[in-house]
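Down below is the structure, laid out as structure tokens.
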């Protein structure tokens, strides 16, 4: 990592404390700077910024309006130390001082550029800006790249069930595992946001897919004492590495397209319960629609009704399986997502009639996800057996105003386990 000395500028403007506000303004305009150290010889007395000059009389002395007791930093300090000091002191620049002598000035803009628009304080990984910059540089140089997008499964339930502190520990542990698997000579790993990570790699498509397998295996092996009974998994999407035509001369646009396609592929992988999916295999939303149709062929959706009154919402849902009908009813709040939750619970109550003795099901959470081609609704179910709990997730497209989508999401989640459960029920 670079030091402050490697980043600082030595071509700076300084003023004595006897200079006027007018002189400071003229110097800032002439040299296009937003801050000027106030010095006595080589000793820093303070600093004055454009903000400090606002509203000041032109004849006043800068020594009277400057910020004194200004924070300084040594030239051999790492860039991260400069960033932390700027954040703590809420300043946009730091004089660089060695043995009381002013050597230069380092600005927040310089630091942010070097750090790739910040590193994630939780994991120490760079944010997506660094990945985009590195990927664009590789594309501009004619290198072939692959984007690997890693999305942890059911992380929202971790936060809800075990708490956000445990969730943060899990994110940190996952980051450490991914760092161990990747090779900095070929790969750049970043935290993309929330429970998502991304890698840009110069490996071949086949090698990148092998890396994705290793990333997934590392995540699956991870265990935390606080998450006893919770199985960690992830959905991974890949894009790139299979170019058959000449690229356009817009590296940034190319990188954004690859990131979008890898992200879509991870969403499709999660929906289809395929842990790893390459973007070239299929368009995410088309796969989603096809998967919904295949799931519904096993347990078919019958009539459903939803009535919303002033004080309650009532729902009735009917399923058909092997010529028999199963009806569920539920009530809920008429406010917000209450009516849709009532529909989801009615669907679960219908499904409960198919479960083995001693089993039960309940709606855990309903969430809406913005996808590149529209909105999807996800329903998380808790499936309770005599020996423990299992979480199921169903996701389907959510056309505006289609309340039945939440029922189809329940159906989708249930169909993933229905065959096994019916066998158990028949015993």
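Observations, loosely collected:
- Debye log10 I(q)/I(0) for region 162-213, one point scatterer per Cα, at q = 0.14, 0.15, 0.27 Å⁻¹: -0.40, -0.46, -1.08
- Sorting 321, 164 by the number of Cβ atoms found within 10 Å of their own Cβ, with the fewest placed first, yields 164, 321.
- Placing R0 at 41 angstrom, the Cβ-Cβ distance between residue 324 and residue 176 gives a FRET efficiency of 0.20 after rounding to 0.05.
- If R0 is 45 Å, the Cβ-Cβ spacing of residue 92 and residue 307 corresponds to a FRET efficiency of close to 0.15.
- Each peptide in 188-200, 135-147 was scored by the mean count of other Cβ atoms within 10 Å over its residues; highest first, the order is 188-200, 135-147.
- The slack in the chain from residue 300 to residue 233, taken as 0.36 nm per residue of separation less the alpha-carbon distance, amounts to 21.2 nm.
- Added length on full extension, which subtracts the Cα-Cα distance from 0.36 nm per residue, residue 260 to residue 140: 41.3 nm
- Short-range pairs are left out: with C-alpha atoms under 8 Å and at least six residues apart, the relative contact order of region 128-282 is 31 percent.
- Order by protection proxy (mean Cβ within 10 Å, highest first), peptides 273-279, 85-91: 273-279, 85-91
- Sorting 385-397, 6-18 by average packing, meaning the other beta carbons within 10 Å per residue, from highest down gives 385-397, 6-18.
- Along principal axes, Cα extents of the chain, largest first, whole Å: 93, 56, 44
- Span from the region 28-83 Cα centroid across to the region 380-402 one, whole angstrom: 58
- The tail of the calculated P(r) for region 72-218 beyond 17 Å holds 67 percent of all Cα-Cα pairs.
- Directionally averaged projected area (region 26-112, Cα convex hull): 6.0 nm².
- Rounded Å value of the spacing that divides the Cα centres of region 198-230 and region 102-163: 18
- Counting only DSSP beta bridges whose two residues both lie in the chain, roughly 90 percent are antiparallel.
- Ratio of Rg to Rh for region 333-397: 1.03 [Cα atoms; Kirkwood radius as inverse mean 1/r over pairs].
- For region 128-282, projected area of the alpha-carbon convex hull averaged over all directions, nm²: 8.8
- In the chain, the DSSP-assigned H stretches of four residues or longer account for a calculated mean residue ellipticity at 222 nm of -12500 deg cm²/dmol, using -39500 (n - 2.57) per stretch and the full residue count as denominator.
- On the beta carbon distance between residue 223 and residue 3, with R0 = 35 Å, the FRET formula returns roughly 0.35.
- Relative contact order (%) - the chain, alpha-carbon pairs under 8 angstrom, separation at least six: 9
Here, each number is a calculation from the coordinates, and none is a lab measurement. The structure presented is a predicted model; accordingly, all values stated were derived computationally and were not measured. Reconstructed Cβ throughout: ideal geometry from the backbone, glycine too, with neighbour counts over all protein chains shown.
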